[in-house]
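Below you'll find the structure, written out as structure tokens, and then a few comments.
The values are calculated or read from the model by the stated rules, or taken from the named source; none is laboratory data. Keep in mind that what you see is a predicted model, and the values were worked out from it rather than measured. Don't worry about glycine lacking a Cβ; one is built from the backbone with ideal geometry, like all the others, and counts go over all protein chains shown. Note: accessible area is taken over every heavy atom of the protein model, side chains too, but ligands, DNA and RNA are not part of it. Shrake-Rupley method; radii C 1.70, N 1.55, O 1.52, S 1.80 Å.
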Amino acid sequence: MTCDSLSSAAPTPWTLYGVTLTSRLLLGTAGYPSPAVLAEAIRVSRTQVVTVGLKRTLAAGGDNGFIASLGPVLKAQGARLLPNTAGCRTAQEAITLAHMARELYDTPWLKLEVVGDEHTLQPDPWELVAAAERLMKDGFHVFPYCTDDLVTCQRLLDVGCQVLMPWGAPIGSGQGLLNPFALKTLRERLPDVPLIVDAGIGEPAHAVQALALGLDGVLLNSAVAQARDPVRMADAFGRAVDAGRLGYEAGVMAPQSMAVATTPVGGRPFLIG
């Protein structure tokens with residue numbers, strides 16, 4: 001492999017519900033200083049999946065020009081919309097909102113959120129599974145936002161979900177991966193399921209860690225939108241996700257419990273001229 005090919009190396013493409021993507025960064029659209037900053041952040045991040053909250057959109061009065069304002073940049077990099085049911089508290093509420101989102105945005109893709117605790121915004125596993133089961137039967141491609149609990153994840157797969165979005169930490173907290181062991185366990189037990197860390201990512205190093213553990217992607221919003229310079233932070237996250245995945249695919253060396261000389265010289269005489 002030449003130096004030129006190494007400099008242009010990119011992570012292996014991946015597939016979500018039959019759609020092949022090259023970027024492993026999914027980006028939210030809430031809380032940016034302006035539509036122009038959001039559009040530029042999307043562009044420099046190279047993301048190919050952009051989430052939008054339907055409740056927020058409806059509160060602003062229809063689509064509020066969302067598609068019109070972001071259409072050119074989304075088209076330029078082949079990005080898809082992923083409507084979400086943020087703010088829903090019951091399965092029925094999420095199901096109703098999902099059908100509205102599909103009609104408004106003309107996509108079966110749906111990030112399913114059903115929150116059960118107001119303090120942590122932790123997903124309600126029972127309502128989440130019930131909503132996912134119904135929506136999969138209704139023809140949606142469900143991306144469920146869930147905790148890192150293995151049994152809940154297995155139940156979501158049982159009802160037909162092909163992608164899982166376990167949290168790293170509570171939404172918007174920026175704490176990073178609070179339980180790497182649980183995420184690593186998910187990777188080991190569900191080796192063929194796309195796993196996207198959703199929620200809690202605060203800095204590019206967190207994204208690198210998630211991808212280095214073998215997870216397939218990260219979804220984040222606040223970490224970019226609330227940065228001092230959202231556009232530069234979006235660029236940083238795009239690079240971090242690539243670095244983490246490339247490192248994982250290259251094969252990380254095994255950790256050692258003691259020092260190991262990188263240039264062993266024991267038993268070999270040498271002269272210093």
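Tell me the carbon and sulfur percent of the accessible area for region 117-183, rounded to whole percent, probe radius 1.4 Å.
For region 117-183, the apolar C and S fraction of the accessible surface comes to 52 percent.
What nm distance separates the two modelled labels at residue 106 and residue 229, each placed 7 Å from Cα along Cα→Cβ?
3.8
Give 55/184; 75/137; 55/111 a once-over and call out the pairs whose C-alpha atoms are over 24 Å from each other.
55/184; 75/137, as the Cα separations exceed 24 Å there.
Provide the per residue accessible area, probe 1.4 Å, for the chain, rounded to a whole number of square angstrom.
Details: 13600 Å² over 273 residues.
Result: 50 Å² per residue.
Taking H as built 1.01 Å from N, whose amide H comes closer than 5 Å to the amide H of residue 176, not counting residues under 5 places away?
Counting only residues 5 or more places away or on other chains, the set is 201, 202.
Given a cut-off of under 8 Å on Cα pairs at least six residues apart, what relative contact order in percent is computed for the chain?
With pairs under 8 Å counted, the relative contact order is 18 percent.
Please compute one quarter of the surface area of the Cα convex hull for region 133-250 and express it in square nanometres.
For the Cα atoms of region 133-250, the hull's average projected area reads 7.4 nm².
Return the Rg/Rh ratio of the chain with Cα-based radii and a Kirkwood Rh.
Radius of gyration over Kirkwood radius for the chain works out to 1.05.
Which residue, 165, 253, 233, tops the fluctuation ranking in a GNM of the chain built on C-alpha contacts under 10 Å?
Highest fluctuation of the listed residues: 253.
Can you list residues whose amide H is under 5 Å from residue 141's amide H, if they're 5+ apart or on another chain and H is modeled 1.01 Å from N?
Amide H neighbours of residue 141, under 5 Å, 5+ apart: 109, 110.
Order 258, 136 by their accessible area, 1.4 angstrom probe, all chains in place, largest first. Write out the running numbers ahead of the final one.
On the way: 258 140, 136 40 Å².
Reading off the accessible areas and sorting them downward yields 258, 136.
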